[in-house]
Amino acid sequence: MEINEVRVFLKEGQDRKLKAYATLTFDKSFVVRNVKVIEGTKGLFVAMPSRRLKESCQKCNFKNAIRSKYCNQCGTQLPQYVEPKPVSPADNSQRQSEHRDIAHPITTDFREYIQKKVLAAYEEEKKTPSSHQSAIPSSTSAPSASSAPSPSRTSNSGHYEDDDIEL
């Protein structure tokens with residue numbers, strides 16, 4: 001699989017950890033939006049698109065964000081959310097968080113390929129302050145791809161927020 005295009009949307013404000021959103025086009029056929037460029041303690045990294053998890057109120061069934069103390073609909077106190085502990089450090093499958101990835105790479109090689117492409121496009125976008133968005137065509141292929149098709153020029157507008165996932 002090959003990334004044909006990366007569009008970067010810089011975020012305003014230098015003091016925030018979220019630096020930009022990116023939209024990736026794979027094989028001129030599939031688009032992934034809301035990939036985030038984040039400034040972490042060890043430098044920049046790429047976070048895949050995710051949804052905030054919700055849980056229903058036992059009284060009115062309104063979907064509230066996990067770890068909410070009170071229902072946003074009826075005001076009933078919600079049970080305290082206790083995060084389960086993993087059985088072992090290697091088994092994090094039982095671990096719950098507030099967000100769940102919508103799409104993510106399976107292999108380490110492809111994750112590194114995505115991160116390299118997105119961060120390169122981000123750095124290029126920072127160099128061109130006159131534009132708020134860039135489309136960087138990809139000329140190198142993924143670790144398992146064979147040829148490099150020409151970049152897609154489909155217009156993508158902005159950031160879309162997805163529906164929330166219910167537990």
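The values are calculated or read from the model by the stated rules, or taken from the named source; none is laboratory data. Predicted model, so just to flag it, every value in this text is computed and none were measured. Here the Cβ is made from the backbone with ideal geometry for all residues, glycine too, and neighbour counts use every protein chain on show.
Consider N72 against the criteria (1) at pLDDT 90 or above; (2) outside any loop (DSSP other than H, G, I, E, B); (3) of a type outside the set (A, V, I, L, M); (4) outside the structural domain of E39 (by TED's automatic domain parsing): it satisfies all of them except one. Which criterion is unmet?
The number of the failed condition is (2).
Kindly provide the set of residues from segment 1-38 that are touching a residue at least 60 places away in the same chain (Cβ under 8 Å), within 17 Å of K126 (Cβ to Cβ) and basic (K, R), ordered by number.
Correct list: R7, K19.
Restricting to strands (runs of 3 or more DSSP E) lying wholly in segment 1-58: which have 1 or more residues that are of a type in the set (A, V, I, L, M, F, W, C) and within 21 Å of H99 (Cα to Cα)? Let's see the steps before the verdict.
Numbers: elements: 3-10, 18-26, 30-40, 43-47, 50-56.
Ranges flagged: 18-26, 30-40, 43-47, 50-56.
May I ask you to verify whether F62 is modelled with pLDDT of 85 or more and under 16 Å from the mean Cα position of the chain (by Cα)?
no
Is there any pair linking a residue in segment 39-52 that is closer than 13 Å to A22 by Cα to one that is assigned to a loop (DSSP other than H, G, I, E, B) and of a type outside the set (K, R), with Cβ under 8 Å and at least six apart or on different chains, and which?
Close Cβ pairs (under 8 Å, with a partner that is assigned to a loop (DSSP other than H, G, I, E, B) and of a type outside the set (K, R)) amount to M48/I102; M48/A103; M48/H104; M48/P105; P49/I102; P49/A103; P49/D162.
Based on this model, can you work out whether E55 counts as more than 16 Å from the chain's Cα centre (by Cα), on the phi < 0 side of the Ramachandran plot and either of a type in the set (D, E) or modelled with pLDDT of 90 or more (or both)? Talk me through it step by step, then tell me what you get.
On the way: more than 16 Å from the chain's Cα centre (by Cα): yes; on the phi < 0 side of the Ramachandran plot: yes; either of a type in the set (D, E) or modelled with pLDDT of 90 or more (or both): yes.
Taking the combined requirement at face value, the residue satisfies it.
Return the residues of segment 75-112 that are polar (S, T, N, Q), at pLDDT 80 or above and not assigned by TED's automatic domain parsing to the domain that holds F45; say none if nothing qualifies. Don't jump to the end; show me each part of the working.
Taking segment 75-112 and keeping what is polar (S, T, N, Q), we get 76-77, 80, 88, 92-94, 96-97, 107-108.
The next check asks that each one be at pLDDT 80 or above; those that pass are 76-77, 107-108.
Hits for segment 75-112 are T76, Q77.
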